[in-house]
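Read-outs throughout are calculated quantities, based only on the coordinates presented, and are distinct from any laboratory measurement. For clarity, every value in this text was computed on a predicted model and none was experimentally measured. Heads up, the Cβs are rebuilt from the backbone with ideal geometry, glycines too, and the neighbour counts pull from every protein chain shown.
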Amino acid sequence: MKISRTGILAGLLAAVLMAPVISATAEADDDRERKHFRGKDHDKKWRHQGRHDGHDRRWRRHHGRYDNHRYRRDARHDYRGRHNKPEIRQDIKDVRAARKDVHQDRRELRSDYQELRKDRAELRRDIRRGASKEEIMKDRQEIRDDLREISRERGELRESQDKLQSARRELKQDLRKR
């Protein structure tokens, strides 16, 4: 009883001592203006808001193009038009398409493995509950079909991965030619 009373009194004392600190912190937060460092104006240009310290000035000196309407990009240092050649753009499209094919093949293979697990569980259930021979033979045939399907899907996945690798190789060679 004495220990619990001491614990309760210690908690109350801590709460009483913390109350002025918490209220002072809340008042300090209310006095501060909450402005974002950068925001967009009505014309969708980035603008600086608030921040007028030395850091802001240094930042504007190096990155002031958001504030300057007459800003023109320097083509030598800007990579916006990096892949203008049609063959490079086509190679990039080929790589993306090959990656999508690999992703789709992996998804199909995963679903085939899941189907195989379900069919094996169904076979075990049928054997446990003593199903007829025709039912068990049908389940085993489904498992064989699933294994054939998995083998076919793995071959397709391998082909898709080879296609992706060759597309990446071709893109890399075209980028080196530049």
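Taken over segment 131-165, residues that are assigned to a helix (DSSP H, G or I) and free of Cβ contacts under 8 Å to residues at least 40 places away in the same chain amount to 24. Here S151 passes the criteria (1) surrounded by 13 or more Cβ atoms within 10 Å (Cβ to Cβ); (2) within 20 Å of L109 (Cβ to Cβ) except the one numbered (1). Residues in segment 98-130 that are of a type in the set (D, E, K, R) and either over 31 Å from the mean Cα position of the chain (by Cα) or not in a helix (DSSP H, G or I) (or both) were compared, and the one that is surrounded by the most Cβ atoms within 10 Å (Cβ to Cβ) is D119. If you go through segment 1-15 and pick out every residue that is over 50 Å from the mean Cα position of the chain (by Cα) and surrounded by 10 or more Cβ atoms within 10 Å (Cβ to Cβ), you end up with 2. Taking the criterion of being over 30 Å from E122 (Cβ atoms) and of a type in the set (K, R), the residues of segment 141-178 that qualify are K163, R168, R169, K172, R176, K177, R178.
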